[in-house]
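These notes are about the structure you will find just below.
The values are calculated or read from the model by the stated rules, or taken from the named source; none is laboratory data. Keep in mind it's a predicted model, so treat the numbers as computed, not measured. So basically every Cβ, Gly included, is an ideal-geometry build from the backbone, and we count neighbours across all protein chains shown. We work out accessible area using only protein heavy atoms, side chains counted, and drop any ligands, DNA or RNA first. Shrake-Rupley method; radii C 1.70, N 1.55, O 1.52, S 1.80 Å.
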Amino acid sequence: MITDWQKLVDALRKEVEEYGGLLNLFDQQQAALLRRDADTVLATVGAIEQQIKTIDQCRNAREAVMRTYCHQLGVATDLPLRGLLEYFPPPVRPLVDALIEEVNSLIMRSKRRAQQNQMLLARSIEVTQQILQRLNPSGVTKTYTAKGRVSVGITEGEPRCIAEG
């Protein structure tokens, strides 16, 4: 018979697994960014969005199991997960603590990787804009949006030739 604490451990393991999958997708996206493989970058965006939805479902399932466990124990349902450690059998506590630590670590690593990829993508766009500006200085216009972001437009027209052949 599976007890509720075992269901909670299983839910934590599932979260670890799904966050690992998210980090793998961020790695794939970063490699594609560095290779300048736009198709793969776009493909990973959809996969990342789906993985985030899966992680949300896992977290919601874990929270539901946790609430059930709290009700059975007669403790507050808003108790943090670490606050439940004393209610686990003593031999299981180090496992639960390690799983909590791993989930938290993976969350932080995922956030960092997402920020790195976002900066790489922004830099890639900036370099492309600079190249376009050099190729056709009169064909690129920069304006600022209401939120203060730079918006770049490319005007139609003939590229400027350096020498006539």
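Can you sort 39, 4 by 1.4 Å-probe accessible area, starting with the largest?
39, 4
Any chance you could check the Cα centroid distance between segment 31-87 and segment 4-26 for me, in angstrom?
Between the Cα centre of segment 31-87 and that of segment 4-26, the gap is 7 Å.
Which net charge results for the neighbourhood of residue 81, defined as the other residues with beta-carbon distances under 10 angstrom from its beta-carbon, given Lys and Arg at +1 and Asp and Glu at -1?
Neighbour charge sum, excluding residue 81 itself: 0.
Which loop trypsin sites (Lys or Arg not before Pro) in segment 1-74, with loop taken from DSSP, have no more than 15 other Cβ atoms within 10 angstrom of their Cβ?
Those that pass, being in a loop and sparsely packed, are 36.
Using a cut-off of 12 Å between beta-carbons, work out the net charge of the residues near residue 107 (Lys and Arg +1, Asp and Glu -1, residue 107 not included).
+1
Leaving out ligands, DNA and RNA but keeping every protein chain, what accessible area does residue 33 have, in Å² rounded to the nearest 10, with a 1.4 Å probe?
Roughly 20 Å² of residue 33 is accessible to a 1.4 Å probe.
Counting C-alpha atoms alone, how compact is segment 19-91: give Rg to one decimal and Dmax as a whole number, in angstrom.
18.5, 55
Please give me the summed charge of the neighbours of residue 52: other residues whose Cβ is under 11 Å from its Cβ, Lys and Arg +1, Asp and Glu -1.
Around residue 52, the surrounding residues sum to -1.
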